[in-house]
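Beneath this line is the structure, given in structure tokens, with notes to follow.
Rule-based calculations on the coordinates, nothing more; no lab input. As the structure is a computational prediction, the values presented were derived from the model and not from experiment. FYI the Cβ positions are ideal-geometry reconstructions off the backbone, even for glycines, and counts take in every protein chain you see.
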Amino acid sequence: MKSPDQLLRDKARHIQQAPDAHVWMRIENKLLKEDHRKRMRSQWVTRWISGIAAVFIFVAVFIQWNDILPSPAQTSEGTIASWEELEIVNDDFYNVQRVHNIHLAYARIGGN
Amino acid sequence: MEGVDKLIDACRRNDANAQQQVYDMFAPKMYGICLRYLKNVHDAEDVLVEGFFKIFTKIHQYSGDGSFEGWIKRIMVNESLMHLRKTNNFRMHVNIDTAHHVSENALALDNLSHKELLVLIQSLPPGYRTVFNMYVIEGYKHREIAEILGISINTSKSQLILAKKKLRDMLKKKHNQKFGS
């Protein structure tokens, strides 16, 4: 003989009722929205990563380009820091280079 | 069982057909659980939607150790409890001393259909109904119920006794209506 609790449990566990058809549609819509949200999120992540990568590449190229540019040249007037300055001091690059080389030669033999 | 395992694997790959098959397989039973906890059909449907959504989005968390149905059922019960907590303030302030032990009429229970039982359970106040569902049907211990619902063990016990008393009264009334007193 089953106890009343056992009887209730057995009966209650067999309670079944088919939900309306629109319930599945709601679940389906919710899943689709979630899927869309996930895709959008991953797209944003990809965009951010490519954006950051682009910035890094730009900075790297910029640094590299600066390295390609000639280093500050020395003249009897002092240090020339940039091309613009160089042009102002002496339009003739050859002369500047020559002065620079003379300074280097002095430096090697220990002169000023 | 192998079929269910294949369905679970397909659900893990977000296969819509497999998801619908899982839904078709378990929805009537799970809806029954939701209806036991929530009187309102719309609330039960909301919980069913939330529950299945959770099942499909967290299916990778199912380890496969226990039964899949048990895992689904636990999610549904938790969702129902969460919904109740959000929308209802359980009135569970009856002390154990005011409640007396009651026993249901086994014969009257035997003659009760599933639908009639569902109506009876649904007509219990939310607090009684929740503890009754958790203790008698789901098999939780009073200690666990107290922890989950944030009530004392004595409150849980008293709610159960009062739920049973109310059920017995309703059964008696129903029996008298059926067979005349």
Checklist entry - Could you name the lysines in cross-link range of A:Lys38, using Cα to Cα under 25 Å and dropping any fewer than eight places away on the same chain? => result A:Lys30, B:Lys6, B:Lys54, B:Lys58
Item to check | Euclidean distance between Cα centres, region A:4-23 to region B:1-78, Å | outcome: 15
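With +1 assigned to the C-beta of every Lys and Arg and -1 to the C-beta of every Asp and Glu, and no other charges, what is the dipole magnitude of region B:104-176 about the Cα centre in debye, to the nearest 20?
Charge dipole, region B:104-176, about its Cα centre: 260 debye, nearest 20.
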